[in-house]
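Report on the following structure.
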Amino acid sequence: MNRICELFGIRYPIIQGGMVWCSGWRLASAVSQAGGLGLLGAGSMHPETLVEHIRKMKAATDRPWGVNVPLMYPEIDRLMDILIREEVKIVFTSAGSPKKFTPMLHEAGVTVAHVVSSSKFARKCEEAGVDAIVAEGFEAGGHNGREETTTLTLIPQVRRATGLPVVAAGGIGSGDAMLAAMALGAEGVQIGTLFALSAESSASEAFKQRCLALDEGGTMLCLKKLSPTRLVRNGLFDKVAEAEARGANAEELRDILGKAASKRGIFEGDTEQGELEIGQIASSVDAIRPAGDIVRQLVENFRKAQKDVAAIGF
Ligand SMILES: Cc1cc2nc3c(=O)[nH]c(=O)nc-3n(C[C@H](O)[C@H](O)[C@H](O)COP(=O)(O)O)c2cc1C
């Protein structure tokens, strides 16, 4: 029995992580239709836009799906009201404490998972009553753990810290990696980068092509004084790195980023002066594929890897 499949009512324990400017209803419904769990990324949506995406999602699939809510969202109370009013069944919270909203969501019958980057926070999530934990390692795209704990190090420790089902995130780009995460104690995977670079992702074509061309080392974690974020090393990154090297404070860094830096980079395609969030595993992606094909390939590759690993003798 797989507790992640059971908890969310999905066929494969593959979750498409909520992603600003990438995961609208087109991407999330394609993943859910293929047997995974698609998540709308509320972090970059105005409340009215979220309502529109929720309604389109309901029309596009009758399979389970959910919404990712970064808890630092400015109009968080309004957003929570919308989720409950629209009868969203699954919510993945991130970037904050799940203590305040988990009881309220549970009251409304919502299943809640929360994203963490350490076993200390995993324990806090368990105390807060969440139903599952996403443990996200340093390889991941987007906002990241300050301590730089890799997925390989993080998962077994989170596994030991909690009895809740654990979903591994960060650097998972194949069924082989999915199998590795399960060997470490995860019961599912949350994938961002692969789906950000899929056909249904709402990211700009320029962003996708820039990410496809990345080599290993093409992204770095920066902005620790603001909110640690893994970014592509472009013109904006160079400015941030130079400022950080001379000890710039949070305010200076905010000024360098300017307004709506991730929208500019990911959605509008300013690949030199925009903020380009993507994970280390982008260097292994060589083409833009439909999200459903990505899910199917992960499953096929996972099954093959199970056999290959079983055949390794020593
Ligand atoms: C472009 C991009 C935007 C992201 N935005 C969010 C977000 O809004 N909320 C969130 O919880 N995680 C966000 N993430 C993290 C993903 O949900 C996921 O946990 C992560 O990408 C997994 O690691 P991977 O990139 O190695 O697959 C983002 C990731 C990317 C690549």
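Taken together, the values in this text are just the output of simple stated rules run on the coordinates, not laboratory data. The structure displayed is predicted, hence computed values, not measured ones. Heads up, the Cβs are rebuilt from the backbone with ideal geometry, glycines too, and the neighbour counts pull from every protein chain shown.
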query = Which of 61, 35, 142 sits closest to the plus end of the dipole of the range 32-169, meaning its Cα is farthest towards the positive end, when Lys and Arg get +1 and Asp and Glu get -1 on the C-beta?
reply = 35
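Name the trypsin sites (Lys or Arg not before Pro) in the range 234-314 that are in a loop by DSSP and that have at most 11 other C-beta atoms within 10 Å, would you? List each step's numbers first, then the result.
Values: sites: 239, 246, 254, 259, 263, 264, 296, 303, 304, 307; in loops: 246, 259.
Taking the range 234-314 and a limit of 11 other Cβ atoms within 10 Å, the loop trypsin sites (Lys or Arg not before Pro) found are 246, 259.
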query = Say the dipole of the range 268-314 comes from +1 at the beta carbon of Lys and Arg and -1 at that of Asp and Glu; which of 290, 279, 314 then lies farthest toward its positive end?
reply = 314
query = What is the pair-distance distribution P(r) of the chain, computed from all Cα-Cα distances in 20 Å bins starting at 0, with each bin given as a whole percent?
reply = 35, 60, 5
key: Rounded FRET efficiency, nearest 0.05, which uses the C-beta distance separating residue 225 from residue 99 and R0 of 30 Å   = 0.75
inquiry  = A 21 angstrom limit on the alpha carbon distance is what I want to check against. Which of 56/100; 56/89; 99/120; 225/259; 120/224; 239/263 exceed it?
reply    = 56/100
key: Distance (nanometres) between label positions extended 7 Å along Cα→Cβ at residue 252 and residue 108   = 4.3
task = Give the cross-link partners of residue 304 among the lysines, using a straight C-alpha distance below 29 Å as the criterion and excluding same-chain residues fewer than 8 apart.
result = 208
task = Return the sequence-ordered ³J(HN,Hα) values of the range 240-245 in whole Hz as given by the Karplus equation 6.51 cos²θ - 1.76 cosθ + 1.60 applied to θ = phi - 60°, using x for Gly and Pro.
result = 5, 4, 5, 5, 5, 5
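If you keep only loop residues by DSSP, which GluC sites (Glu not before Pro) in the range 181-225 have at most 12 other Cβ atoms within 10 Å of their Cβ?
On the way: sites: 187, 200, 205, 216; in loops: 187, 200, 216.
Qualifying residues, ordered by number: 216.
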ask   = Between residue 209 and residue 310, what length in nm is gained on full extension when 0.36 nm per residue of separation is reduced by their alpha carbon distance?
value = 32.7 nm
message = For a quick check: with amide H placed at 1.01 Å from N, whose amide H comes under 5 Å from residue 289's, ignoring anything fewer than 5 positions away on the same chain?
response = 199
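Size of the dipole of the range 11-129 about the Cα centre, Lys and Arg at +1 and Asp and Glu at -1 on the beta carbon, nothing else charged, in debye to 20? Spell out each step's value before the answer.
Numbers: 14 positive and 11 negative charges, 66 e Å.
For the range 11-129, the charge dipole is close to 320 debye.
Dipole of the range 205-281, Cα-centred, from +1 at each Lys and Arg C-beta and -1 at each Asp and Glu C-beta, to the nearest 20 debye? Present the calculation step by step, with values, prior to reporting the outcome.
Values: 12 positive and 14 negative charges, 41 e Å.
Charge dipole of the range 205-281: 200 debye, to the nearest 20.
Starting from 0.36 nm per residue, how many nanometres of slack lie between residue 1 and residue 238 once their C-alpha separation is accounted for?
Values: separation 237, 0.36 × 237 = 85.32 nm, distance 4.75 nm.
My answer for the length gained is 80.6 nm.
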request  = Taking the Cβ of each residue in 130, 20 as the centre, tally the other Cβ atoms inside 10 Å and list the residues starting with the fewest.
outcome  = 20, 130
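Taking R0 as 25 Å, what's the FRET efficiency between residue 56 and residue 78 from their Cβ-Cβ distance, rounded to 0.05?
On the way: r = 20 Å, r/R0 = 0.79.
Efficiency at R0 = 25 Å is approximately 0.80.
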remark   = Summing -39500 (n - 2.57) over every DSSP H run of at least 4 in the chain, dividing by its residue total and rounding to the nearest 500, the 222 nm mean residue ellipticity is -12000 deg cm²/dmol
ask   = What list of ³J(HN,Hα) values in whole Hz, one per residue of the range 141-146 in order, does the Karplus curve 6.51 cos²θ - 1.76 cosθ + 1.60 (θ = phi - 60°) give from phi, with Gly and Pro shown as x?
value = x, x, 6, 9, x, 5
